[in-house]
Structure formats: structure tokens, C-alpha cells
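First up is the structure itself, then whatever we jot down about it.
Please treat every number below as a calculation from the coordinates, not as lab data. Note that the structure is predicted; figures quoted are calculated from it, not measured.
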């Protein structure tokens, strides 16, 4: 079975007034991400929303502005995306979706063998999660049209790295 990971498509990243707005490139991927979610729902595959959910005093805020505080509107999935009752929501506090989460169990419990990736930010949370997936021997697909970053240089570096180093299939 396969799963779609929807990474950090949250109001603080995607909305122009968000605390850590990723830029116009992130807004452009919304229709593609929505289409992929609907496709995975229709085919009966697992959709996993991976969401930053920080505490007020998270150490990450020494590097990035405060964002996606658990329980605040900024930590919510954007309104444009359909979330079904059977979808899984994994809340994370670090770049990789595996760090101190139950994601390993979610994948094993659902007999997942391949993971498809969309979301933001390509050079941070998407790339780190892809690395951890490949370290666990999952087949990984990254939709270039469905990921975005703060800037083009970081975007291209991370896409190249995921393809060349992690052997992800970039579509």
C-alpha cells in the first residue's frame, strides 16, 4: 500500500500573513497538493498530514521565527485542503516527521511500502523526512510540482539531493 505525506501545509507557512510565510511558490502548489490528496482518497490510500506543532519556548525559535504553536490558528492545515476522517495527522516538533512521533507505527500498521511527498519546505522538513524514509528502506516519490521552498536555490539543491543521494524518485 502507498501513502501520501502532506508536509507542513499549515497557515503559518502558506498564508501570506503567516508567521513564517514560505513565499509565493508555496501558494502555487496548493491546487496540485489538493489534487494528489483527492487522488489518494479516491484510490483508498493513506493520507498523512504532517504538521509542525511547537511549544511556545521551542528551541527551534533560536533559528526560525516563532511559528506553528500547537493549538493556534497558524498550526492548522490550510482551508483549501480536504482532510478526511480517515486521514492521519502527525504533529512534529522537529524537521523530520519521525523525530519523537508515532510515524513508524503508522506506516507499519498500514502496511505502507511506498511514500509520496508533497508540501513545504523542500530543503528542510521534506528533505529530512525523505532521508529518514530512505534510511528505513521505503520507496519514495517526490512531486516536484507539489513541493516548495523559501528560495529557488535551496529548492533545487534539496530536490537534487533527494534524487541523487537518497534515491528518491523525483517526478
- [ ] Once you have the Cα-Cα distance between residue 43 and residue 154, take 0.36 nm times their residue separation minus that, and quote the gain in nm to one decimal.
- [x] 36.7 nm
Task: Additional length obtainable on full extension of the chain from residue 139 to residue 59, 0.36 nm per residue less Cα span - done: 25.6 nm
TODO: Would you mind telling me which residue in 129, 93, 72 has the biggest mean-square fluctuation in a Gaussian network model of the chain, where springs connect alpha carbons within a distance under 10 angstrom?
DONE: 72
- [ ] Using a/c under 1.5 as the rounded threshold, could you call segment 54-129 rounded, prolate or oblate? The axes a ≥ b ≥ c are square roots of the C-alpha gyration tensor eigenvalues, and prolate needs a/b larger than b/c, oblate otherwise.
- [x] prolate
Task: Rounded Å value of the spacing that divides the Cα centres of segment 47-119 and segment 134-165 - done: 18 Å
Task: segment 70-171: C-alpha gyration tensor shape, a/c 1.5 cut-off, then a/b vs b/c - done: oblate
- [ ] Select from 42, 55, 92 the residue whose mean-square fluctuation is largest in a Gaussian network model of the chain (Cα-Cα springs shorter than 10 Å).
- [x] 42
